[in-house]
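Reviewing the structure listed below.
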Amino acid sequence: MINRIQELMQQVETLQACTLEEVEGLRIKFLSKKGIITELFNEFRSVPKEEKAQIGQALNCLRQAAESKINGMREALAESGAAAKSADVADLTRTPDPIGLGTRHPLSLVREQIIDIFSRVGFTVAEGPEVEDDNHVYSLLNFAPEHPARDMQDTFFIEKEIGVQKPSDILLRSHTSSVQTRVMLSQQPPIRVLCPGRVYRNEAISARAHCFFHQVEGLYIDKNVSFADLREVLLYFAKEMFGPETQIRLRPSYFPFTEPSAEMDISCDLCGGKGCSFCKGTGWVEILGCGMVDPNVLESCGIDSKVYTGYAFGLGVERITNLKYRVKDLRLFSENDVRFLQQFEGC
Ligand code: PHE
């Protein structure tokens, strides 16, 4: 018997299998109820007493060797099967999933459209810094020193020294008129510029107000520029932006840097001017501020106000975008929620 055990030991050590089914076949052959090794254990009962110890030990060794060999083969095959599967996932010859194209932000779309409309009548783009000084944002634009817009409530002032709250004349611009100031200081008329950009105001964030928003302001200075020219260019803009049926109306208003000043409304395109909840029953919605450049502003910027006159206007890009696309909550513009942004695909 001991010889058979030794022979089987050699066989077990050299066992081989290529598939899990073959491994299972070997298990049945050696270890199942009717397997060779199990049979040997049955025969072991009739082994003479004095040989039992030696043969019993050899038999146990054989069974352990067979079990560990067969289990080892099973594990190795299962592992290489999993590896083969994961190699499938990383198949480098597969065509990749298409990468979705991003969309342009609605504010960029509308800003570009505004610039395009005005550039067709000769306006070019001028840009300037967002971190500005009081002079360019307020003083040169005829704001009296005590004007409420300079108040801490509206303007973000920047401390010159960190942690030291001294009155500062460095601030985040609250309108892009500061770029107009820079243009007037650096060139003589004729001037015809558009100043697009981000502006900052110290407001609580809500659906209707934000601490930053975007403007496009316009400035035209030449000989004999009149309020009628301003009205014509704004009517042209309104029709191009909101459709040929659009009407405009100018209401008197006040800005320190323009005289006379006005606010412009367009006919409500939801109700066609009849009055609805969107226009609060008036048939009109406000879209921008404008006016003739105050002679004081021209003079402070080195332009002869006896020779030249000019007009200026300023509109909020968010406001125009809201009107065009009926966006009810301003915060959507800066939250970068793709579900919102994707709606402008193809615009
Ligand atoms: N700068 C003004 C504002 O922010 C808008 C404006 C520009 C009004 C030009 C009149 C003329 O709010």
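The values are calculated or read from the model by the stated rules, or taken from the named source; none is laboratory data. Values in this document were obtained by computation on a predicted structure and should not be read as measured data. Positions of Cβ are backbone-derived with ideal geometry, glycine not excepted, and every protein chain shown enters the neighbour counts. These area figures cover heavy atoms from the full protein model, side chains too; ligands, DNA and RNA do not enter into them. Shrake-Rupley method; radii C 1.70, N 1.55, O 1.52, S 1.80 Å.
Quick look at the numbers
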read-out: Residues of segment 298-339 satisfying the condition of being of a type in the set (A, V, I, L, M), open to solvent by less than 10 Å² (accessible area, probe 1.4 Å) and within 18 Å of the chain's Cα centre (by Cα); value: Val317
read-out: Inter-residue pairs, beta-carbon under 8 Å, first part of a helix (DSSP H, G or I) and in segment 63-81, second of a type in the set (Phe, Trp, Tyr), 6+ apart; value: Arg63/Phe41; Ala66/Phe30; Ile70/Phe30
read-out: From Gln16, Gln11, Gln54, residue being open to solvent by 80 Å² or more (accessible area, probe 1.4 Å), in the same structural domain as Arg74 (by TED's automatic domain parsing), more than 17 Å from Met73 (Cβ to Cβ) and not acidic (Asp, Glu); value: Gln54
read-out: Every residue from segment 226-281 that is of a type in the set (S, T, N, Q), in contact with a strand residue (DSSP E or B) (Cβ under 6 Å, 6 or more places away or on another chain) and closer than 24 Å to Gly122 by Cα; value: Thr246, Gln247, Thr258, Ser261
read-out: Glu132, sole failed condition from (1) of a type in the set (Asp, Glu); (2) open to solvent by less than 30 Å² (accessible area, probe 1.4 Å); (3) assigned to a helix (DSSP H, G or I); value: (3)
read-out: Segment 259-297, residues that are small (Gly, Ala, Ser) and either within 16 Å of the ligand (Cβ to nearest atom) or touching a residue at least 60 places away in the same chain (Cβ under 8 Å) (or both); value: Ser261, Ala262, Gly289, Gly291
